[in-house]
Amino acid sequence: VTSSFNKYFNTREVISGKNLLLFEMANNIINNFIRWDITNLKKARYILIDVENKIFVKQEINGNTIKFKGVIDRIDKNISNGNIRIIDYKTGSVEPRELVVHSIDKLTTDPKFAKAFQVAYYAWLFSKQNTIEIIETGIISTRNISNGFSPLVLKEFGDIRSYFNEFEESICSIIDEISNQDIPIVQTTDNNRCIYCDYKSICNK
């Protein structure tokens, strides 16, 4: 944390005012996470496979080569059963119910499930380059560390691997729609979608 802060601020700026509060908050979040991770490892042994894994996949869509990419925060493996976990860290609050998808259609259409879509996307990317028997994907919220690992739950699929073909079709359909010049890109008429938009303060909705 000290090294990161010194990279962007001089020492005087770090040890005073708002930056000092942010510095202490960052230390506290990291310490709480490490303590949780140690406790969790006593319950189930995991091998850390990779962190900040940059992954790229090329896919042909209607004659065009599209390169999908992502950065997976953490990949680990349960020693006892061989399960691979694809984990995304969030510094904000994440409720487990945000990762429970009852209707699979909503995963790619409802912004409420943006976090669920993200971890499904990472798992799909990983599966394109790796032969795996069992895979889990989910989120660890450093702010709600007591929730631990919150897995993605697809109620219509017992195993996320059985969803990957349908997910890929949905992804290709979205890309096809974006690149179709006959379909205009216009502002949404559904104000409920704006609730989850990062740009709602500047688009006059």
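The values are calculated or read from the model by the stated rules, or taken from the named source; none is laboratory data. Please read these numbers as outputs of a predicted model, since none were measured by experiment. Neighbour counts are summed over all protein chains in view; Cβ atoms, including those assigned to glycine, are modelled from backbone coordinates with ideal geometry. Only protein heavy atoms, including side chains, enter the accessible area calculation; ligands, DNA and RNA are left aside. Shrake-Rupley method; radii C 1.70, N 1.55, O 1.52, S 1.80 Å.
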Scope the range 55-100; condition open to solvent by less than 80 Å² (accessible area, probe 1.4 Å) and acidic (Asp, Glu); matching residues: 73, 76, 88, 95, 98
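Every residue, every condition in (1) out of contact with any helix residue (DSSP H, G or I) (no Cβ under 7 Å at 6 or more places or on another chain); (2) surrounded by 15 or more Cβ atoms within 10 Å (Cβ to Cβ); (3) among the acidic types (Asp, Glu), yes or no:
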residue: 144; (1), (2), (3): yes, yes, no
residue: 156; (1), (2), (3): no, no, yes
residue: 174; (1), (2), (3): yes, no, no
residue: 179; (1), (2), (3): yes, no, no
residue: 186; (1), (2), (3): yes, no, no
residue: 195; (1), (2), (3): yes, no, no
residue: 198; (1), (2), (3): yes, no, yes
Residue satisfying all of: in the range 101-129; out of contact with any Leu (no Cβ under 6 Å at 6 or more places or on another chain) and free of Cβ contacts under 8 Å to residues at least 12 places away in the same chain; least open to solvent (accessible area, probe 1.4 Å) among these: 110
Top-ranked residue in the range 14-27 [being open to solvent by 80 Å² or more (accessible area, probe 1.4 Å) and not hydrophobic (A, V, I, L, M, F, W, C); ranked as modelled with the highest pLDDT]: 24
Residue match in the range 34-45 (condition: at pLDDT 90 or above, assigned to a helix (DSSP H, G or I) and basic (Lys, Arg)): yes
